[in-house]
Amino acid sequence: MTTISILGKTNVGKSTLFNNLLKKKYSIISAKKNTTIRCIVNIKNDKKTHQILIDTPGPIIRNTLQAYNTNKFIYDTIVKTHVLIIVIDTIHLKTDDFFILDLIKNQNKTKILIINKIDKIKNKIWLLPFIEKIKTFSKFDHIIPISNTKNINIENLSKILDQYNFKNSYDQIHLPESKYNFAKDLIRETLLTKLNKEIPYTTQINIETPNLNEETTHLAIKITTQNINQKKIIIGKNGQKIKQIMNDINTKISKLYKNIKNIKTTIHHSKTGKK
Ligand code: GDP
Ligand code: MG
């Protein structure tokens, strides 16, 4: 099992690259800051080995608990990962880029530097001197200019990643738990897209099924809104909204856990805790 993580400042295109590599839309893409939720997915390649690809949020340079948790998640991910993909936006480096570059500098791991959005670089003459300069910063195994939007070098990167298959890896990422969190993220993503962001992030999503695993056939989801009005919005007129939401959740979850046949969702509001 090889773990590969995508790191970098907010808005450099990490989630877009993540999605492009998977060719499936598994992570929220947004131009807004810090909307990336940690995502872990299995990729099966031709050789039937496993790779885990991790999308991370950008660091937050502030003295808050959220910043601490985000930055700790980034650091923990770096420690657990075999292959580090560091994404930068064109050739302009800012404080947040150096935060990541400093974190990975002395890590003894495979490092791939991705210069994204090269479609935006008008004068490509600066690219080569920049690459020479960044080489002095850390030992990168590969430095690859790409464009997600113009589909430049994505295929090449994908091929390079296929080469990294570590058999006796230290499998520190607890996969069932990560997958469980990922399932919750997928449910939240569905709510966000189907409800036009009417339902704030305060809505709680719980998976009630104990020991969710590959053999699980029945899944119970509990959605808790802050008040009855939010609950009514989720249910919709004649239950139409919740029906659409459930269809979407069914499709996504059954891709993740192949044996799930039945998903039951209950909606609560936290004021009384009643259904
Ligand atoms: P993240 O915060 O690093 O995960 O960044 P996102 O993947 O959410 O992308 C941030 C913004 O950059 C989005 O508006 C993307 O459409 C845009 N973007 C991503 N890749 C490219 C690229 O190759 N070229 C250009 N011009 N824009 C890109
Ligand atoms: Mg992102």
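The table below gives the values:
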| item | result |
| --- | --- |
| Length added when fully stretched, residue 227-residue 150, from 0.36 nm per residue minus Cα-Cα | 23.3 nm |
| Burial order of peptide ranges 125-134, 68-77 (average beta-carbon count within 10 Å, highest first) | 68-77, 125-134 |
| Ranked by how many other beta carbons lie within 10 Å on average, peptides 209-215, 248-254 from highest | 248-254, 209-215 |
| Accessible area in square angstrom per residue, the range 222-275, 1.4 angstrom probe | 63 |
| Table column - 3J(HN,Hα) (Hz), the range 54-65, Karplus curve with 6.51, -1.76, 1.60, x for Gly and Pro | 10, 9, 10, x, x, x, 10, 8, 7, 9, 10, 5 |
| Pairs from 184/237; 94/133; 184/231; 14/222; 222/261; 80/252 whose Cα-Cα separation, in the structure shown, is over 21 Å | 184/237; 14/222; 80/252 |
| Length gained when the stretch residue 105-residue 125 is fully extended (0.36 nm per residue, less Cα-Cα span) | 4.5 nm |
| Two-site FRET efficiency, residue 259 against residue 95, from Cβ-Cβ distance with R₀ of 51 Å, rounded to 0.05 | 0.65 |
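The values are calculated or read from the model by the stated rules, or taken from the named source; none is laboratory data. Note that the coordinates shown come from a computational prediction; the quantities given were computed from them, not determined experimentally. Heads up, the Cβs are rebuilt from the backbone with ideal geometry, glycines too, and the neighbour counts pull from every protein chain shown. Surface areas here come from the heavy atoms of the whole protein model, side chains and all, with no ligands, DNA or RNA. Shrake-Rupley method; radii C 1.70, N 1.55, O 1.52, S 1.80 Å.
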